[in-house]
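The values are calculated or read from the model by the stated rules, or taken from the named source; none is laboratory data. Just so it is clear, the structure is predicted and the values come from calculations on it, not from any experiment. In this analysis, Cβ positions are derived from the backbone assuming ideal geometry, glycine residues included, and neighbour counts consider all displayed protein chains. Keep in mind that these areas ignore ligands, DNA and RNA; they rest on the heavy atoms of the full protein, side chains included. Shrake-Rupley method; radii C 1.70, N 1.55, O 1.52, S 1.80 Å.
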Amino acid sequence: MANPRLISAKIIQKILEEKIFFGDLKKQIPEKDLPFCNMLILTALRRLTAIKEILRGFLQKKIPNKHRLAEYLLINAVTEILYMETAEYAVINETVKNVRNTCDKFLGGLANAVLRKVCLQKKDLLKKADQVSPLPDSFAEILAGYDAEQIRQIGAAALKVPALDITVKSAPSAWAEKLKAELLPNGSLRLYDAPKVQQLPEYASGNWWVQDIAAALPVAAIGDIAGKKVIDLCAAPGGKTAQLRAKGAIVTALDISAFRLATLQQNMRRLGYTDISAQNIDALDYLQTASAQFDAILLDAPCSATGTFRRHPEVLHIKTREDVAEQAALQKKLLEACPNILKVGGVLLYSVCSIAKAEGEQQIADFLQNNPHFKLVPISAAEIAPYGDFADNLINPDGTVRTLPYFQNGMDAFFICKLQRII
Ligand SMILES: C[S@@+](CC[C@H](N)C(=O)[O-])C[C@H]1O[C@@H](n2cnc3c(N)ncnc32)[C@H](O)[C@@H]1O
């Protein structure tokens with residue numbers, strides 16, 4: 001029968017070799033094993049560059065392709081020995097058993113020898129691991145345009161377990177007290193060591209939802225939309241849709257994925273927002289064919305998601321420059337089709353949870369150069385930080401916003417800008 005260590009190794013193999021998000025594989029984990037597997041897989045992904053280097057030092061030869069599962073079992077075992085509190089004998093015994101059963105006896109012996117050495121050299125190995133950047137070379141390429149100090153801090157942020165951020169419909173100060181949370185400058189609430197979301201006070205009351213602080217900023221910057229017709233082009237699972245509705249907009253929400261749109265609808269029901277018009281459609285098709293006219297568009301565009309690596313550390317290892325280029329091309333098409341449904345004077349709020357400048361700063365510089373019917377409207381501190389100052393400067397000189405993973409003790413990397421249709 002599959003044990004949690006074997007399940008975790010198979011999942012990490014799938015994530016890294018087939019480039020699948022961990023979230024899409026979680027249903028393969030039995031409920032009772034979820035806390036352990038979750039912790040093991042996320043820790044292994046955060047520490048992967050160092051762990052691979054340590055293993056290279058112990059393995060004279062590459063593990064044959066047909067037995068690659070052994071490599072993932074070893075990666076997880078080293079993760080446990082170095083970074084988790086599990087008893088070493090249990091890690092060694094079970095890993096060796098798993099390697100023997102799924103690969104062969106010889107590799108089982110090798111795993112035993114390697115893991116015993118790791119235990120003996122634990123202190124030195126931990127020091128050595130601290131010297132290794134958590135950012136693989138492929139991810140460093142995505143960081144073109146950042147300086148060495150920024151890249152160092154981005155790497156440091158990749159090792160930290162993120163807090164849980166929450167957006168409330170209204171009255172954030174009162175909710176901060178009720179949930180015993182930190183009130184952040186934008187009005188988001190932050191909980192460290194939070195229990196399961198469903199166990200937090202008043203989950204069922206639908207007055208708040210989970211949303212990273214950076215993800216809450218685009219709608220904060222969109223301006224006064226009360227009573228206005230607003231379309232959310234790439235909406236699911238709906239964190240920003242809910243914010244638009246909370247600001248009093250008449251909201252249309254689109255998403256290309258029927259499954260994700262169903263999740264949005266379920267989320268909106270919990271929040272009591274049952275008057276949102278939700279449509280399962282490719283936003284590009286909609287933009288090219290719809291006759292409706294909107295006062296504002298939220299284009300929280302499909303992107304490489306490279307800004308979310310604190311919560312999804314697999315992006316460090318599965319996203320490449322090519323993914324960034326592919327998403328940037330789609331974003332460009334979506335941006336250029338927006339005037340078809342936007343009133344003159346209307347706002348186009350563009351955001352991406354990508355750390356790559358090609359999807360943010362560069363994308364918008366190119367767009368403005370080629371689309372004279374739009375101008376950039378600077379985003380102000382008053383709009384995005386009504387409850388105090390951010391510890392870091394989020395606003396670029398041109399009024400666009402760039403958040404980085406090490407800002408404010410941890411937030412997703414986002415690029416946000418506000419455009420206005422002028423002709
Ligand atoms: C970054 S997520 C959006 C997050 C969402 N705005 C929120 O705040 O909860 C991107 C979404 O875009 C959707 N998507 C991707 N390509 C799309 C397209 N061509 N048209 C519409 N939706 C698309 C994906 O299914 C995904 O749900």
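When shorter helices are ignored and each DSSP H run of at least 4 residues is given -39500 (n - 2.57), the per-residue value for the chain at 222 nm works out to -13000 deg cm²/dmol. Scattering from the stretch 4-130 was approximated by placing one identical point on each alpha carbon and applying the Debye formula without solvent; log10 I(q)/I(0) at 0.22 1/Å stands at -1.43. Remark: the stretch 333-341, residue by residue, has Karplus-estimated 3J(HN,Hα) of 4, 5, 4, 6, 8, 4, x, 4, 10 Hz, where x stands for each Gly or Pro and the curve is 6.51 cos²θ - 1.76 cosθ + 1.60 at θ = phi - 60°. When Asp392, Asp147, Asp124 are compared by accessible surface with a 1.4 Å probe, the order from highest to lowest is Asp124, Asp147, Asp392.
Straight Cα distances below 17 angstrom link Lys32 to the lysines Lys196, with same-chain residues fewer than 8 positions distant left out.
Model label points for Ser138 and Glu202, set 7 angstrom from Cα along the Cα-to-Cβ axis, are 4.5 nm apart. Its Cα gyration tensor gives the stretch 220-376 an equivalent ellipsoid, and the semi-axes of that ellipsoid, as √(5λ) in whole Å with the largest first, are 24, 21, 14.
Heavy-atom accessible area for Glu141, with the other protein chains in place and a 1.4 Å probe, reaches approximately 90 Å². Placing a label point 7 Å from the Cα of Tyr387 along the Cα-to-Cβ direction, the residues of the stretch 147-180 whose backbone N falls under 15 Å of that point are 164-180. Here the stretch 28-72 was treated as a single set of alpha-carbon atoms; its pair distances binned every 10 Å from 0 give 23, 41, 29, 6 percent. If I compute solvent accessible area with a 1.4 Å probe over the protein chains, what percent of it on the chain is carbon and sulfur? About 52 percent, which is the carbon plus sulfur part of the accessible surface. Using a simple spin-label model with pseudo-atoms 7 Å out from Cα toward Cβ, Gln13 and Ala329 lie 3.3 nm apart.
Rounded to the nearest Hz, the phi-derived 3J(HN,Hα) couplings of the stretch 137-154 under the Karplus curve 6.51 cos²θ - 1.76 cosθ + 1.60 (θ = phi - 60°) are 4, 4, 7, 4, 4, 5, 8, 3, x, 8, 8, 4, 5, 4, 5, 4, 6, 5, where x marks glycine and proline. Taking all protein chains as they are arranged and a probe of 1.4 Å, the heavy atoms of Met84 leave approximately 30 Å² accessible to solvent.
Ile250 exposes around 100 Å² of accessible area when a 1.4 Å probe is run over every protein chain in place.
Spread over its residues, the convex hull of the C-alpha atoms of the stretch 330-370 is 77 Å³ per residue.
For Lys66, go through the lysines and keep the ones whose alpha-carbon is under 17 Å away, minus same-chain ones fewer than eight residues off. Cross-link targets: Lys10, Lys14, Lys105. Using the Karplus relation 6.51 cos²θ - 1.76 cosθ + 1.60 with θ = phi - 60°, the per-residue 3J(HN,Hα) values for the stretch 240-249 come to 7, 4, 4, 5, 4, 5, 5, 7, x, 7 Hz, with x marking Gly and Pro. Taking all protein chains together and a 1.4 Å probe, the residues Tyr203, Tyr350 rank Tyr203, Tyr350 from largest to smallest accessible area. With viscosity 1.306 mPa s and temperature 10 °C, the Kirkwood radius over alpha carbon pairs of the chain converts through Stokes-Einstein to a diffusion coefficient of 69 µm²/s. Rounded to the nearest 20 debye, the dipole size of the chain about its Cα centre is 1240 debye, using +1 on the Cβ of Lys and Arg and -1 on the Cβ of Asp and Glu.
Under 29 Å Cα to Cα from Lys333, which lysines show up? Leave out anything in the same chain fewer than 8 places away. Leaving aside lysines fewer than 8 places away in the same chain, those within reach of Lys333 are Lys19, Lys228, Lys229, Lys240, Lys247, Lys319, Lys343, Lys357, Lys375, Lys418. With the cut-off at under 18 Å, measuring from each backbone N in the stretch 295-318 to a point 7 Å along the Cα-to-Cβ line of Ile20 picks out 312-318.
A Förster radius of 30 Å combined with the Cβ-Cβ distance from Asp224 to Ser173 puts the calculated FRET efficiency at roughly 0.90.
Take the stretch 282-336 with all the other protein chains still there, run a 1.4 Å probe, and you get 38 Å² of accessible area per residue.
To test your reading of the geometry: what angle, between 0 and 90 degrees and rounded to tens, separates the Cα axis of helix 361-370 from the longest principal axis of the chain? Between the helix axis and the principal axis of the chain, the angle is about 30 degrees. Spin-label model, Ala258 to Arg270: label points 7 Å out along the Cα-to-beta-carbon direction sit 2.3 nm apart.
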